[in-house]
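The values are calculated or read from the model by the stated rules, or taken from the named source; none is laboratory data. For clarity, every value in this text was computed on a predicted model and none was experimentally measured. With ideal geometry, Cβ positions are generated from the backbone for all residues, glycine too; neighbour counts draw on all protein chains shown. Note: areas computed on protein heavy atoms with side chains; ligands, DNA, RNA excluded. Shrake-Rupley method; radii C 1.70, N 1.55, O 1.52, S 1.80 Å.
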Amino acid sequence: MTEPYRPIQPDEPFCFDCHAQVPCFNACCHDLNQFLMPYDILRLKQNLQMSSQAFLSKHTYEHIGPESGLPVVTLRQRADRDRACPFVTADGCRVYIDRPASCRTYPLARLVRRDRGTGIITEDYVLIQEPHCQGFKQACARTANDWVKHQKLNSYNRMNDYMLEIISLKNQLKPGPLTPEKQQLFYTALYDLDTFREQVFKLHLLDGHRLPANLREPAMESDDGLLKLGFWWVKKSLFGK
């Protein structure tokens, strides 16, 4: 059997497409164990016109990652035999325009390395060619670079890299689980953005910490700006960075 995972160069062509005429359409939206990054949650709650607190309560589970010791959020599947994604329909994904990064990236996986000295991020891609996926039989030649553009992954990758920086700092400076208080701070600042907004601007959570000028106003105006502030706040309060 061919190994389903293989490194792929940025300009190396591969054939893949996914649409309603592919025989396995929607099959990959069942029996999932899907992690959600903070930016995934931001986009999904906006799409569904829900508060972050309501979205997290209805559609996710939280646990502590065994390796990172940080709060991890996973998508709550339907309580049926197939454990389907709550957003899949017979016609496809009903939140397609704001689907999570892992859905967008497939059939690729993005591998990231961050130099501790320079902070420079290097990325590589792996092609996941699973035998049950009929999308590889489609005559649509792409490259990894093409796929990133086609799936509009740049904003997701940029936000997810902030999260990877947090995980790297955690592994370096604070091995093991956080205290319950710091777990809650992390969860609120990065996942529960609407609650974070209330705490920042009503309860003055950030008193004593001077906000960078490039984060202060954007955080008032948009969820994207607020999430960037959340990453800054977590680094500042948990790691002194």
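Looking at the stretch 25-41, I want the residues that are of a type in the set (D, E, K, R) and have a partner that is open to solvent by 30 Å² or more (accessible area, probe 1.4 Å) with Cβ atoms under 6 Å, at least 6 apart or on another chain. Which pairs are those?
ASP31/ARG83
Quick check on my filter: what residues within the stretch 73-84 are open to solvent by less than 50 Å² (accessible area, probe 1.4 Å) and either under 16 Å from the mean Cα position of the chain (by Cα) or modelled with pLDDT under 90 (or both)?
Let us first name the residues in the stretch 73-84 that are open to solvent by less than 50 Å² (accessible area, probe 1.4 Å), namely 73-75, 77, 84.
The answer is VAL73, THR74, LEU75.
Return the total of residues in the stretch 32-70 being open to solvent by less than 70 Å² (accessible area, probe 1.4 Å) and either in a helix (DSSP H, G or I) or at pLDDT below 95 (or both).
21
Going by the conditions given, is ASN154 at negative phi and open to solvent by 50 Å² or more (accessible area, probe 1.4 Å)?
Numbers: at negative phi: yes; open to solvent by 50 Å² or more (accessible area, probe 1.4 Å): yes.
Taking the combined requirement at face value, the residue satisfies it.
Please specify each residue of the stretch 1-50 satisfying the condition of being within 21 Å of the chain's Cα centre (by Cα) and of a type in the set (Val, Ile, Thr).
Once the filter is applied, which keeps residues that are within 21 Å of the chain's Cα centre (by Cα) and of a type in the set (Val, Ile, Thr), the stretch 1-50 yields only ILE41.
Could you name every one of the helices (runs of 4 or more DSSP H) located completely within the stretch 161-234 that has at least 3 residues being within 21 Å of the chain's Cα centre (by Cα), at pLDDT 85 or above and surrounded by 13 or more Cβ atoms within 10 Å (Cβ to Cβ)?
Numbers: elements: 180-190, 193-201, 213-221.
Where helices (runs of 4 or more DSSP H) fall fully within the stretch 161-234 and carry at least 3 residues being within 21 Å of the chain's Cα centre (by Cα), at pLDDT 85 or above and surrounded by 13 or more Cβ atoms within 10 Å (Cβ to Cβ), they are 180-190, 193-201.
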